[in-house]
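Student: To start, I am sharing the structure in question, which I have written as C-alpha coordinates.
The values are calculated or read from the model by the stated rules, or taken from the named source; none is laboratory data. Because the structure is a prediction, the values reported are computed rather than measured. Positions of Cβ are backbone-derived with ideal geometry, glycine not excepted, and every protein chain shown enters the neighbour counts. What goes into the accessible areas is simple: the full protein's heavy atoms, side chains included, and nothing from ligands, DNA or RNA. Shrake-Rupley method; radii C 1.70, N 1.55, O 1.52, S 1.80 Å.
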Amino acid sequence: MQISQDIKYIGVNDRINPLFEGQYSVPKGMSYNSYVITDEKIAVMDTVDGGFTAEWLENLKAALEGRKPDYLVVHHMEPDHSANIAVFMERYPEAVIVSSQKAFGMMKNFFGTDYDDRRIVVVENDTLSLGKHTLTFVTAPMVHWPEVIMSYDSLDKVLFSADAFGKFGALDSEEEWENEARRYYFGIVGKFGMPVSGVLKKAAKLDISTICPLHGPVLSENIPHYLELYTKWAAYEPETDGVFIAYTSVYGNTKKAALSLEEKLAAKGCPVISLDLARCDRAEALAMAFKYKKLVCASTTYNGGVFPFMRDFITDLADHGYKSRQVYLIENGSWAPTAANAMKKLFEGCNDVSISENIVKINSAVNAETIAQTEALAEEIAAQ
Ligand code: FEO
(Lines give C-alpha, C1' and ligand atoms only; values in the text may rest on other atoms or scores of the structure.)
Protein backbone atom coordinates (compact mmCIF):
# COMPACT_ATOMS: atom_id res chain seq x y z
CA MET A 1 0.00 0.00 0.00
CA GLN A 2 1.38 3.36 -1.06
CA ILE A 3 0.81 6.19 1.45
CA SER A 4 2.65 8.80 -0.61
CA GLN A 5 5.21 8.72 -3.37
CA ASP A 6 7.97 7.68 -0.92
CA ILE A 7 6.03 6.12 1.97
CA LYS A 8 4.79 2.53 1.84
CA TYR A 9 2.74 0.48 4.29
CA ILE A 10 4.39 -2.81 5.28
CA GLY A 11 2.26 -3.85 8.26
CA VAL A 12 0.26 -7.02 8.88
CA ASN A 13 -3.28 -8.07 9.80
CA ASP A 14 -3.77 -10.36 12.80
CA ARG A 15 -6.83 -12.56 12.32
CA ILE A 16 -5.51 -15.21 14.71
CA ASN A 17 -5.53 -13.76 18.23
CA PRO A 18 -9.07 -13.28 19.58
CA LEU A 19 -7.79 -10.96 22.31
CA PHE A 20 -5.60 -7.89 21.90
CA GLU A 21 -3.17 -7.24 24.77
CA GLY A 22 -4.54 -10.42 26.34
CA GLN A 23 -7.89 -8.84 27.24
CA TYR A 24 -9.64 -6.82 24.52
CA SER A 25 -11.98 -8.75 22.29
CA VAL A 26 -11.14 -8.06 18.63
CA PRO A 27 -13.77 -9.91 16.56
CA LYS A 28 -12.56 -8.20 13.39
CA GLY A 29 -8.87 -8.78 14.11
CA MET A 30 -6.11 -6.26 14.60
CA SER A 31 -3.50 -4.58 12.45
CA TYR A 32 0.12 -3.95 13.45
CA ASN A 33 1.29 -1.13 11.22
CA SER A 34 4.77 -0.50 9.95
CA TYR A 35 5.97 1.84 7.20
CA VAL A 36 9.01 2.48 5.02
CA ILE A 37 10.17 5.91 3.84
CA THR A 38 12.38 5.62 0.78
CA ASP A 39 14.66 8.59 0.13
CA GLU A 40 18.45 9.04 -0.16
CA LYS A 41 18.35 7.20 3.14
CA ILE A 42 15.69 4.62 4.01
CA ALA A 43 13.84 4.65 7.30
CA VAL A 44 11.68 1.78 8.54
CA MET A 45 9.03 2.90 11.01
CA ASP A 46 8.57 0.26 13.72
CA THR A 47 8.29 -3.50 13.44
CA VAL A 48 5.24 -5.71 14.15
CA ASP A 49 4.01 -8.37 16.57
CA GLY A 50 6.23 -11.44 17.01
CA GLY A 51 3.61 -13.75 15.51
CA PHE A 52 4.05 -12.14 12.08
CA THR A 53 7.82 -11.91 11.64
CA ALA A 54 8.08 -13.77 8.32
CA GLU A 55 5.21 -11.84 6.71
CA TRP A 56 6.62 -8.48 7.84
CA LEU A 57 10.14 -9.29 6.65
CA GLU A 58 8.70 -10.23 3.25
CA ASN A 59 6.73 -6.96 3.08
CA LEU A 60 9.87 -5.06 4.06
CA LYS A 61 12.02 -6.84 1.47
CA ALA A 62 9.52 -6.05 -1.27
CA ALA A 63 9.34 -2.37 -0.25
CA LEU A 64 13.13 -2.05 -0.17
CA GLU A 65 13.42 -3.13 -3.83
CA GLY A 66 16.95 -4.38 -3.35
CA ARG A 67 18.18 -1.47 -1.20
CA LYS A 68 19.18 -1.65 2.46
CA PRO A 69 17.51 0.26 5.29
CA ASP A 70 19.57 2.93 7.07
CA TYR A 71 17.34 3.53 10.08
CA LEU A 72 14.76 1.73 12.19
CA VAL A 73 12.68 4.37 13.94
CA VAL A 74 11.19 2.87 17.10
CA HIS A 75 8.24 4.93 18.30
CA HIS A 76 7.02 2.52 20.97
CA MET A 77 8.51 -0.49 22.74
CA GLU A 78 5.37 -2.50 23.48
CA PRO A 79 5.98 -5.90 21.85
CA ASP A 80 3.10 -5.58 19.36
CA HIS A 81 5.46 -3.15 17.58
CA SER A 82 8.92 -3.91 18.88
CA ALA A 83 9.07 -7.73 18.84
CA ASN A 84 11.15 -7.85 15.65
CA ILE A 85 13.81 -5.27 16.50
CA ALA A 86 16.50 -7.89 17.18
CA VAL A 87 15.59 -9.87 14.05
CA PHE A 88 15.78 -6.68 11.97
CA MET A 89 19.14 -5.65 13.43
CA GLU A 90 20.59 -9.06 12.68
CA ARG A 91 19.28 -9.08 9.12
CA TYR A 92 20.41 -5.51 8.39
CA PRO A 93 23.73 -5.10 10.25
CA GLU A 94 24.37 -1.61 8.84
CA ALA A 95 21.10 -0.17 10.13
CA VAL A 96 20.89 2.16 13.10
CA ILE A 97 18.00 2.47 15.57
CA VAL A 98 16.51 5.91 16.19
CA SER A 99 14.52 6.18 19.39
CA SER A 100 14.21 7.74 22.85
CA GLN A 101 16.65 7.08 25.67
CA LYS A 102 13.97 5.24 27.62
CA ALA A 103 13.25 2.97 24.66
CA PHE A 104 16.90 1.86 24.53
CA GLY A 105 16.67 0.95 28.21
CA MET A 106 13.68 -1.21 27.38
CA MET A 107 15.55 -2.83 24.48
CA LYS A 108 18.20 -3.96 26.96
CA ASN A 109 15.48 -5.66 28.99
CA PHE A 110 13.73 -7.21 26.00
CA PHE A 111 16.75 -8.17 23.86
CA GLY A 112 19.75 -8.08 26.19
CA THR A 113 21.34 -5.11 24.39
CA ASP A 114 20.69 -1.38 24.11
CA TYR A 115 22.54 -1.20 20.77
CA ASP A 116 24.94 1.43 22.13
CA ASP A 117 27.11 1.28 18.99
CA ARG A 118 24.19 1.35 16.55
CA ARG A 119 21.85 3.97 17.79
CA ILE A 120 20.72 7.59 17.65
CA VAL A 121 19.00 8.86 20.78
CA VAL A 122 16.48 11.59 20.02
CA VAL A 123 14.74 14.14 22.22
CA GLU A 124 11.97 16.68 21.58
CA ASN A 125 12.34 18.55 18.26
CA ASP A 126 15.42 16.62 17.13
CA THR A 127 15.44 16.04 13.40
CA LEU A 128 16.66 13.30 11.09
CA SER A 129 17.26 14.08 7.44
CA LEU A 130 16.61 11.29 4.95
CA GLY A 131 17.23 13.50 1.89
CA LYS A 132 14.07 15.25 0.74
CA HIS A 133 12.25 14.07 3.86
CA THR A 134 13.12 15.34 7.32
CA LEU A 135 11.64 13.71 10.38
CA THR A 136 11.04 15.86 13.47
CA PHE A 137 10.57 13.96 16.70
CA VAL A 138 7.83 14.71 19.22
CA THR A 139 8.06 13.09 22.63
CA ALA A 140 4.77 11.51 23.73
CA PRO A 141 5.33 9.94 27.16
CA MET A 142 2.41 7.81 28.41
CA VAL A 143 0.74 7.67 25.02
CA HIS A 144 0.80 4.83 25.82
CA TRP A 145 4.11 3.95 27.53
CA PRO A 146 6.73 6.36 28.93
CA GLU A 147 9.26 5.93 26.11
CA VAL A 148 6.87 6.80 23.27
CA ILE A 149 7.84 9.26 20.54
CA MET A 150 6.00 10.35 17.42
CA SER A 151 7.61 11.68 14.27
CA TYR A 152 6.50 14.23 11.70
CA ASP A 153 7.56 14.23 8.07
CA SER A 154 7.34 17.85 6.95
CA LEU A 155 7.61 17.03 3.23
CA ASP A 156 4.49 14.85 3.02
CA LYS A 157 2.94 16.37 6.17
CA VAL A 158 2.61 12.93 7.73
CA LEU A 159 2.41 12.32 11.48
CA PHE A 160 3.59 8.89 12.60
CA SER A 161 1.47 8.85 15.74
CA ALA A 162 2.46 5.60 17.52
CA ASP A 163 -0.58 4.08 19.33
CA ALA A 164 -2.57 7.33 19.13
CA PHE A 165 -5.36 7.46 16.54
CA GLY A 166 -5.33 3.66 16.38
CA LYS A 167 -8.31 1.37 16.25
CA PHE A 168 -9.24 -2.27 16.82
CA GLY A 169 -9.89 -4.30 13.65
CA ALA A 170 -7.75 -5.58 10.80
CA LEU A 171 -7.23 -3.14 7.94
CA ASP A 172 -9.57 -5.08 5.65
CA SER A 173 -12.46 -4.99 8.16
CA GLU A 174 -15.22 -2.63 7.18
CA GLU A 175 -16.63 -0.73 10.12
CA GLU A 176 -17.08 2.76 11.40
CA TRP A 177 -13.82 4.22 12.72
CA GLU A 178 -15.31 5.98 15.76
CA ASN A 179 -16.76 2.99 17.62
CA GLU A 180 -13.71 0.75 17.54
CA ALA A 181 -11.33 3.70 17.95
CA ARG A 182 -13.23 4.81 21.06
CA ARG A 183 -13.23 1.31 22.54
CA TYR A 184 -9.49 1.09 21.81
CA TYR A 185 -8.70 4.58 23.18
CA PHE A 186 -10.54 4.30 26.49
CA GLY A 187 -9.41 0.73 27.10
CA ILE A 188 -5.75 1.30 26.33
CA VAL A 189 -4.87 4.97 26.66
CA GLY A 190 -7.91 6.35 28.54
CA LYS A 191 -6.16 6.58 31.88
CA PHE A 192 -3.55 8.94 30.41
CA GLY A 193 -5.78 11.82 29.31
CA MET A 194 -3.45 14.54 30.53
CA PRO A 195 -0.36 13.40 28.58
CA VAL A 196 -2.56 12.82 25.51
CA SER A 197 -3.84 16.41 25.80
CA GLY A 198 -0.23 17.63 26.01
CA VAL A 199 0.73 15.83 22.79
CA LEU A 200 -2.41 17.05 21.02
CA LYS A 201 -1.37 20.64 21.79
CA LYS A 202 1.95 19.94 20.07
CA ALA A 203 0.17 18.26 17.15
CA ALA A 204 -2.10 21.29 16.73
CA LYS A 205 0.96 23.32 15.69
CA LEU A 206 1.77 20.90 12.86
CA ASP A 207 0.31 20.99 9.37
CA ILE A 208 -0.95 17.40 9.18
CA SER A 209 -2.34 15.87 5.98
CA THR A 210 -2.00 12.23 6.97
CA ILE A 211 -1.84 10.31 10.26
CA CYS A 212 -0.03 6.97 10.18
CA PRO A 213 -0.88 5.18 13.45
CA LEU A 214 0.48 1.85 14.66
CA HIS A 215 -2.99 0.25 14.49
CA GLY A 216 -5.93 0.73 12.18
CA PRO A 217 -6.30 2.69 8.98
CA VAL A 218 -4.09 5.50 7.77
CA LEU A 219 -6.13 8.69 8.19
CA SER A 220 -5.87 11.06 5.26
CA GLU A 221 -9.19 12.88 5.17
CA ASN A 222 -10.99 15.07 7.66
CA ILE A 223 -7.98 15.25 10.02
CA PRO A 224 -9.60 18.02 12.16
CA HIS A 225 -12.45 15.60 13.00
CA TYR A 226 -10.04 13.03 14.45
CA LEU A 227 -8.07 15.69 16.31
CA GLU A 228 -11.28 17.11 17.75
CA LEU A 229 -12.52 13.70 18.92
CA TYR A 230 -9.18 12.92 20.55
CA THR A 231 -9.14 16.33 22.24
CA LYS A 232 -12.57 15.58 23.72
CA TRP A 233 -11.60 12.06 24.80
CA ALA A 234 -8.34 13.21 26.36
CA ALA A 235 -10.19 15.89 28.35
CA TYR A 236 -12.78 13.29 29.53
CA GLU A 237 -15.53 15.39 27.94
CA PRO A 238 -18.68 13.52 26.90
CA GLU A 239 -19.39 13.32 23.18
CA THR A 240 -23.14 13.48 23.62
CA ASP A 241 -25.67 14.76 26.12
CA GLY A 242 -27.31 11.30 26.30
CA VAL A 243 -27.65 8.62 28.95
CA PHE A 244 -25.94 5.26 29.29
CA ILE A 245 -27.75 2.72 31.50
CA ALA A 246 -25.43 -0.05 32.74
CA TYR A 247 -27.25 -2.84 34.52
CA THR A 248 -26.77 -6.27 36.05
CA SER A 249 -29.70 -8.52 36.79
CA VAL A 250 -29.91 -12.07 38.18
CA TYR A 251 -33.60 -12.91 37.65
CA GLY A 252 -34.66 -10.06 35.37
CA ASN A 253 -36.19 -7.68 37.94
CA THR A 254 -33.40 -5.09 37.93
CA LYS A 255 -33.29 -5.40 34.13
CA LYS A 256 -37.02 -4.63 34.01
CA ALA A 257 -36.50 -1.40 35.97
CA ALA A 258 -33.48 -0.43 33.83
CA LEU A 259 -35.38 -1.00 30.58
CA SER A 260 -38.42 0.81 31.94
CA LEU A 261 -36.18 3.82 32.66
CA GLU A 262 -34.71 3.57 29.15
CA GLU A 263 -38.21 3.60 27.65
CA LYS A 264 -39.26 6.61 29.72
CA LEU A 265 -36.11 8.56 28.80
CA ALA A 266 -36.53 7.74 25.12
CA ALA A 267 -40.14 8.93 25.32
CA LYS A 268 -38.84 12.23 26.68
CA GLY A 269 -36.50 12.55 23.70
CA CYS A 270 -33.25 11.71 25.57
CA PRO A 271 -30.62 9.81 23.55
CA VAL A 272 -30.25 6.64 25.65
CA ILE A 273 -28.69 3.19 25.38
CA SER A 274 -28.47 0.30 27.86
CA LEU A 275 -26.10 -2.63 28.25
CA ASP A 276 -26.27 -5.76 30.40
CA LEU A 277 -22.81 -5.80 32.00
CA ALA A 278 -22.81 -9.60 32.35
CA ARG A 279 -23.40 -10.08 28.62
CA CYS A 280 -21.73 -7.18 26.84
CA ASP A 281 -18.10 -6.51 25.99
CA ARG A 282 -16.36 -4.97 29.00
CA ALA A 283 -14.43 -2.42 26.90
CA GLU A 284 -17.64 -1.44 25.08
CA ALA A 285 -19.33 -0.62 28.42
CA LEU A 286 -16.29 1.45 29.43
CA ALA A 287 -16.35 3.37 26.14
CA MET A 288 -20.10 4.06 26.42
CA ALA A 289 -19.66 5.47 29.93
CA PHE A 290 -17.13 7.97 28.56
CA LYS A 291 -19.20 8.74 25.45
CA TYR A 292 -22.37 9.76 27.29
CA LYS A 293 -22.79 12.64 29.69
CA LYS A 294 -24.97 10.77 32.20
CA LEU A 295 -24.61 7.29 33.62
CA VAL A 296 -27.21 5.14 35.36
CA CYS A 297 -25.94 2.09 37.27
CA ALA A 298 -28.61 -0.48 38.13
CA SER A 299 -27.54 -3.47 40.19
CA THR A 300 -28.76 -6.17 42.45
CA THR A 301 -27.28 -6.63 45.91
CA TYR A 302 -24.84 -9.51 46.19
CA ASN A 303 -22.79 -10.91 49.10
CA GLY A 304 -23.55 -7.84 51.18
CA GLY A 305 -22.30 -5.56 48.42
CA VAL A 306 -22.91 -5.14 44.72
CA PHE A 307 -23.13 -7.69 41.90
CA PRO A 308 -19.60 -8.60 40.68
CA PHE A 309 -20.09 -7.37 37.09
CA MET A 310 -21.15 -3.94 38.41
CA ARG A 311 -18.27 -3.87 40.91
CA ASP A 312 -15.81 -4.64 38.08
CA PHE A 313 -17.40 -2.02 35.81
CA ILE A 314 -17.16 0.82 38.33
CA THR A 315 -13.64 -0.27 39.32
CA ASP A 316 -12.73 -0.18 35.61
CA LEU A 317 -14.15 3.35 35.34
CA ALA A 318 -12.06 4.52 38.29
CA ASP A 319 -8.96 2.79 36.88
CA HIS A 320 -9.42 4.62 33.56
CA GLY A 321 -9.81 8.11 35.03
CA TYR A 322 -13.60 8.43 34.73
CA LYS A 323 -14.55 11.90 35.99
CA SER A 324 -16.77 14.95 35.78
CA ARG A 325 -20.03 13.09 35.24
CA GLN A 326 -23.51 12.83 36.73
CA VAL A 327 -24.40 9.35 38.00
CA TYR A 328 -27.78 7.87 39.02
CA LEU A 329 -28.36 4.61 40.88
CA ILE A 330 -30.95 1.84 40.92
CA GLU A 331 -30.57 -0.88 43.55
CA ASN A 332 -32.35 -4.14 44.14
CA GLY A 333 -32.29 -6.32 47.25
CA SER A 334 -34.61 -9.00 48.57
CA TRP A 335 -33.59 -8.91 52.21
CA ALA A 336 -30.85 -6.34 52.91
CA PRO A 337 -30.24 -3.98 49.96
CA THR A 338 -26.65 -2.74 49.96
CA ALA A 339 -25.94 -2.20 46.25
CA ALA A 340 -26.44 1.58 46.22
CA ASN A 341 -24.08 2.18 49.12
CA ALA A 342 -21.52 -0.20 47.64
CA MET A 343 -21.70 1.60 44.28
CA LYS A 344 -21.37 5.01 45.96
CA LYS A 345 -18.24 3.77 47.71
CA LEU A 346 -16.75 2.51 44.47
CA PHE A 347 -17.35 5.89 42.80
CA GLU A 348 -15.25 7.52 45.52
CA GLY A 349 -12.33 6.37 43.34
CA CYS A 350 -13.43 8.84 40.61
CA ASN A 351 -12.95 12.62 40.58
CA ASP A 352 -15.84 15.02 40.33
CA VAL A 353 -18.59 12.43 40.01
CA SER A 354 -21.89 13.63 41.40
CA ILE A 355 -24.39 10.96 42.50
CA SER A 356 -28.07 11.82 42.61
CA GLU A 357 -29.81 11.34 45.95
CA ASN A 358 -32.85 10.15 44.02
CA ILE A 359 -32.13 6.39 44.14
CA VAL A 360 -34.63 3.90 42.74
CA LYS A 361 -35.08 1.09 45.26
CA ILE A 362 -36.47 -2.26 44.17
CA ASN A 363 -37.49 -4.71 46.83
CA SER A 364 -37.20 -7.99 44.88
CA ALA A 365 -39.61 -7.15 42.05
CA VAL A 366 -40.76 -4.08 40.15
CA ASN A 367 -44.10 -2.78 41.45
CA ALA A 368 -46.19 0.36 41.17
CA GLU A 369 -43.97 2.16 43.69
CA THR A 370 -40.81 1.29 41.74
CA ILE A 371 -42.41 2.45 38.49
CA ALA A 372 -43.27 5.77 40.12
CA GLN A 373 -39.65 6.13 41.37
CA THR A 374 -38.39 5.31 37.87
CA GLU A 375 -40.64 7.97 36.38
CA ALA A 376 -39.35 10.51 38.91
CA LEU A 377 -35.75 9.57 38.06
CA ALA A 378 -36.44 9.86 34.34
CA GLU A 379 -37.81 13.36 34.92
CA GLU A 380 -34.77 14.36 36.94
CA ILE A 381 -32.35 13.00 34.30
CA ALA A 382 -34.20 14.65 31.44
CA ALA A 383 -34.25 17.98 33.27
CA GLN A 384 -30.49 18.05 34.00
FE1 FEO B 1 0.08 -0.96 20.17
FE2 FEO B 1 0.94 0.26 23.26
O3 FEO B 1 1.09 -0.83 21.75
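Student: Which residue fluctuates the most in the chain, going by a Gaussian network model with Cα springs under 10 Å, if the choices are HIS76, HIS225, HIS215?
Tutor: HIS225
Student: Of all accessible surface on the chain at a 1.4 Å probe, what whole percent is carbon and sulfur?
Tutor: Values: 8060 of 16170 Å².
About 50 percent, which is the carbon plus sulfur part of the accessible surface.
Student: For segment 78-160, what is the charge dipole size about the Cα centre, in debye to the nearest 20, if Lys and Arg each add +1 at the Cβ and Asp and Glu each add -1 at the Cβ?
Tutor: On the way: 7 positive and 12 negative charges, 17 e Å.
Computed about the Cα centre, the dipole is about 80 debye.
Student: Seen from all sides and averaged, what is the projected area of the convex hull of the Cα atoms in segment 270-324, in nm²? Write out the running numbers ahead of the final one.
Tutor: Details: hull surface 16.5 nm².
Taking a quarter of the hull surface, the average projection is 4.1 nm².
Student: Using only Cα atoms and rounding to the nearest 10 degrees, what angle (0 to 90) does helix 53-64 make with the longest principal axis of the chain?
Tutor: 50 degrees
Student: For ARG67 paired with THR134, estimate the spin-label separation in nm (one decimal), with each label point 7 Å from Cα along the Cα-to-Cβ line.
Tutor: Between ARG67 and THR134, the simple spin-label model gives 1.9 nm.
Student: Over 24 Å between C-alpha atoms is what I'm after, so list which of LYS68/LYS205; LYS232/LYS345; LYS61/LYS202; LYS294/LYS344; LYS205/LYS293; LYS268/LYS344 land there.
Tutor: Numbers: LYS68/LYS205 34 Å; LYS232/LYS345 27 Å; LYS61/LYS202 34 Å; LYS294/LYS344 15 Å; LYS205/LYS293 30 Å; LYS268/LYS344 27 Å.
Long pairs (Cα-Cα over 24 Å): LYS68/LYS205; LYS232/LYS345; LYS61/LYS202; LYS205/LYS293; LYS268/LYS344.
Student: For segment 7-234, rounded, prolate or oblate, judged on the Cα gyration tensor with a ≥ b ≥ c (square roots of eigenvalues), a/c < 1.5 rounded, else prolate if a/b > b/c? Could you put the intermediate results ahead of the total?
Tutor: Working: a/c = 1.41, a/b = 1.21, b/c = 1.16.
Here segment 7-234 falls in the rounded category.
Student: Related question: Helix 101-111 sits at what angle to the longest principal axis of the chain, using alpha carbons and giving 0 to 90 degrees rounded to 10?
Tutor: Its long axis makes an angle of about 90 degrees.
Student: Roughly how many Å is it from the Cα centre of segment 243-259 to that of segment 299-366, as a whole number?
Tutor: 12 Å
Student: Now, a different point. Using the Kirkwood radius over C-alpha pairs as Rh, can you work out the diffusion coefficient of the chain via Stokes-Einstein at 20 °C, viscosity 1.002 mPa s, in µm² per second? Could the numbers behind the result be given before it?
Tutor: Details: Rh = 22.5 Å.
Calculated translational D: 95 µm²/s.
Student: Find the accessible area per residue for segment 7-234; the probe is 1.4 Å, ligands and nucleic acids are left out, and the unit is Å².
Tutor: Here the per-residue accessible area is 40 Å².
Student: Give me the number: length gained by fully extending PHE110 to ASN367, i.e. 0.36 nm times residue separation minus the C-alpha to C-alpha distance, one decimal in nm. Don't skip to the end; give the middle numbers.
Tutor: Numbers: separation 257, 0.36 × 257 = 92.52 nm, distance 6.00 nm.
Using 0.36 nm per residue and subtracting the Cα-Cα distance, I get 86.5 nm.
Student: Now for a separate question. What ranking do 94-107, 343-356 get when scored by the average of other Cβ atoms within 10 Å per residue, highest first?
Tutor: Details: 94-107: 19.8, 343-356: 15.8.
Ranked from most to least packed, the peptides come out as 94-107, 343-356.
Student: Please report, for the Cα atoms of segment 50-139, the Rg to one decimal and the Dmax as a whole number; what are they, in angstrom?
Tutor: Every Cα atom of segment 50-139 included, Rg and Dmax give 13.2, 35 Å.
Student: Nearest 0.05, what FRET efficiency do ASN125 and LYS268 give at R0 = 45 Å with Cβ-Cβ as r?
Tutor: On the way: r = 52 Å, r/R0 = 1.16.
Efficiency at R0 = 45 Å is approximately 0.30.
Student: Here's another thing I want to ask about it. Give me the 1.4 Å probe accessible area per residue for segment 243-383, excluding ligands and nucleic acids, in Å². Spell out each step's value before the answer.
Tutor: On the way: 6140 Å² over 141 residues.
It amounts to 44 Å² per residue over segment 243-383.
Student: Can I ask one more? Taking the Cα atoms only, what angle lies between the long axis of helix 223-234 and the longest principal axis of the chain, rounded to 10 degrees?
Tutor: 50 degrees
Student: Additional query: Springs between alpha-carbon atoms under 10 Å, Gaussian network over the chain: tell me which of LYS167, LYS264, LYS108 tops the mean-square fluctuations.
Tutor: Greatest mean-square fluctuation among the candidates belongs to LYS108.
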